[in-house]
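Q: Here's a structure for you.
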Amino acid sequence: MAFTFFTLGGRQLWEDVFFSQKWRIQRNCITKRYRLLDSWDIRRAAGSFEDCHHAFVRCGKIFQLPPSREKAVIMLHGLGGNKNQFNQMAKMIESITAVPIAINYPSTRKDIDAHLRQIDFLLNNLEGIKEISFISDGIGGLLVRKLLSADSPWQKKIKISRVIQINPPNRGYRLWERLADSKIATAILGPMIKLGDSHRAAKFSRFPEKIEFGIINTHNRIGSLIRRILPKSWEQLLPQIGDSFLPGAKDITDIKIWRINSAADQHTIRCCKNFLRNGKF
């Protein structure tokens, strides 16, 4: 048992490997040490995974944690992001009586296969969840595509409902293609930046036909102003509308926002709520 203290919830060095009743077990991607965080991101235990899970069971009895709802929405951030960017989205998900699960993964430290193993482990250990949907931001959209193309035990016990991709690089990003050749950029942003290559992105499996998915393209108003003053050679490196296209989408929408964090924009949140409920934005 470790001393109890507040944390930042994990940024780029902690990965979520267990989630239940808003509590989570995280693993440090460098030290491989585990810790148990409560719903306020207060550390309640540290040590091995077993130590933290035993502490969770004990705390569940002490704090009388309620049983989990049967529906959940998994949220995956983009490159360099973290779970906190979905705080506003989580409130909406709770309003439709589902469990919001924003997963931290060290996007600038590991490759996509390592992230898949982490998320697959977490999903296989979900308790009480019978149906899930996904909301992804940026490169998290490629992670969802690869996750759902694999055959895993959790898919046999949990129904997959709907998937929402926000600004996904389904056809790659030109800027990332250029940066992937830079050793400095790769050292800072990690191996995931190589997924911005259009040829690599094209090799990802499409979503299974039975899964309804939609795509939200957000256009930042400030970014639009910046585009106007950039040279054409630079402007072409920025994300384009066609970068997100993926055949089979049930609905696609384009919205203008002021926020840098697309997942915190109220228009984006309303679109997600409509799609989760009705399959339309």
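Computed from the coordinates by the stated procedures, all read-outs in this text should not be read as laboratory data. The model shown is predicted, which means the values in this text are computed figures rather than measured ones. Backbone-built Cβ (ideal geometry, glycine too); neighbour counts: all protein chains shown.
Q: What number comes out for the charge environment of Ile158, summing +1 per Lys or Arg and -1 per Asp or Glu over other residues with Cβ under 9 Å away?
A: Net local charge, Ile158 excluded: +3.
Q: Let me ask something additional. Let a ≥ b ≥ c be the square roots of the eigenvalues of the Cα gyration tensor of the stretch 30-98; is it rounded (a/c under 1.5), or, if not, prolate (a/b larger than b/c) or oblate?
A: Oblate is the answer for the stretch 30-98, as a/c is 1.5 or above yet b/c matches or exceeds a/b.
Q: For the stretch 39-86 and the stretch 116-157, compute the distance between their C-alpha centroids and round to whole Å.
A: Computed from Cα coordinates, the inter-centre distance equals 16 Å.
Q: For Rg and Dmax of the Cα atoms in Å, the listed values are (i) 17.8, 58; (ii) 18.8, 61; (iii) 18.2, 52; which was obtained by calculation from the structure presented?
A: Entry (ii).
Q: How would the stretch 1-59 be classified by its alpha-carbon gyration tensor: rounded, prolate or oblate, with rounded meaning a/c under 1.5 and the a/b versus b/c comparison settling the rest?
A: rounded
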